[in-house]
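Remarks on the structure that follows.
The values are calculated or read from the model by the stated rules, or taken from the named source; none is laboratory data. Just so it is clear, the structure is predicted and the values come from calculations on it, not from any experiment. Note: ideal-geometry Cβ built from the backbone for every residue, glycine included; neighbour counts use all protein chains shown.
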Amino acid sequence: MSSKYTDDVSLASQQKLVSELDELLSLAESLQEKVDVWNRRIFQSTAMLSVFFTMGGIFISWLMIEQSQFVSQQNMKVAVMILGVLVIFCVLLFMVSIQLSLSRRQRDERALEEVVSLLREIEYAYGKEGKWSTIDRAKFRIRLSRFTVGRRWGLFGVLQHEVASEKA
């Protein structure tokens with residue numbers, strides 16, 4: 001009878017652990033989604049900054065070249081200065097937005113790194129005891145492998161650590 005009781009307790013604790021691991025994996029997946037959202041916002045802000053800066057430069061150049069014959073030299077200088085200040089203001093605004101997004105992304109990445117590290121430790125300890133079936137452990141590892149912890153994306157979506165390892 002006591003053997004059945006210990007088996008029931010062991011099964012209950014195993015089910016609780018699996019449930020808690022699933023909650024931690026869900027939390028990590030939620031954090032990963034937030035990091036992905038911040039990455040998209042940073043990319044979009046950078047693209048908008050580049051487009052706005054380029055369009056402002058093209059417009060100022062056009063104004064100076066094409067409209068110089070119709071507008072006095074003094075008015076042209078004032079118009080170019082006003083447009084230049086507006087472009088600089090918008091560039092600074094986008095840069096602040098990008099910096100805020102970067103700091104928020106880093107915060108979520110740190111939390112994600114902690115959760116994934118904890119999950120890896122638990123997976124190692126629990127797997128060492130041999131209480132997981134091969135399929136359950138494989139499912140867990142597959143879900144765990146989806147996280148971008150420790151990976152830094154460079155220009156054009158290339159992993160920086162891959163580029164660095166190719167150079168070495």
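One line per residue, one yes/no per condition, for (1) within 30 Å of residue 15 (Cβ to Cβ); (2) surrounded by 10 or more Cβ atoms within 10 Å (Cβ to Cβ); (3) modelled with pLDDT under 85; (4) among the aliphatic types (A, V, I, L, M):
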residue: 94; (1), (2), (3), (4): no, yes, yes, no
residue: 101; (1), (2), (3), (4): no, yes, no, no
residue: 107; (1), (2), (3), (4): no, yes, no, no
residue: 123; (1), (2), (3), (4): yes, yes, yes, no
residue: 127; (1), (2), (3), (4): yes, yes, yes, no
residue: 130; (1), (2), (3), (4): yes, no, yes, no
residue: 140; (1), (2), (3), (4): yes, yes, yes, no
residue: 151; (1), (2), (3), (4): no, yes, yes, no
residue: 167; (1), (2), (3), (4): no, no, yes, no
Q. Quick one: would you say residue 60 is farther than 30 Å from residue 20 by Cα and under 17 Å from the mean Cα position of the chain (by Cα)?
A. no
(Q) Being surrounded by 14 or more Cβ atoms within 10 Å (Cβ to Cβ), touching a Lys or Arg at 6+ places or on another chain (Cβ under 6 Å), among the hydrophobic types (A, V, I, L, M, F, W, C) and in a helix (DSSP H, G or I) is the requirement here; does residue 83 meet it? (A) no
Q. When the range 18-44 is examined, which residues are found to be surrounded by 14 or more Cβ atoms within 10 Å (Cβ to Cβ) and modelled with pLDDT under 85?
A. 18, 21
Q. Residue 115: modelled with pLDDT of 55 or more and part of a helix (DSSP H, G or I), yes or no?
A. yes
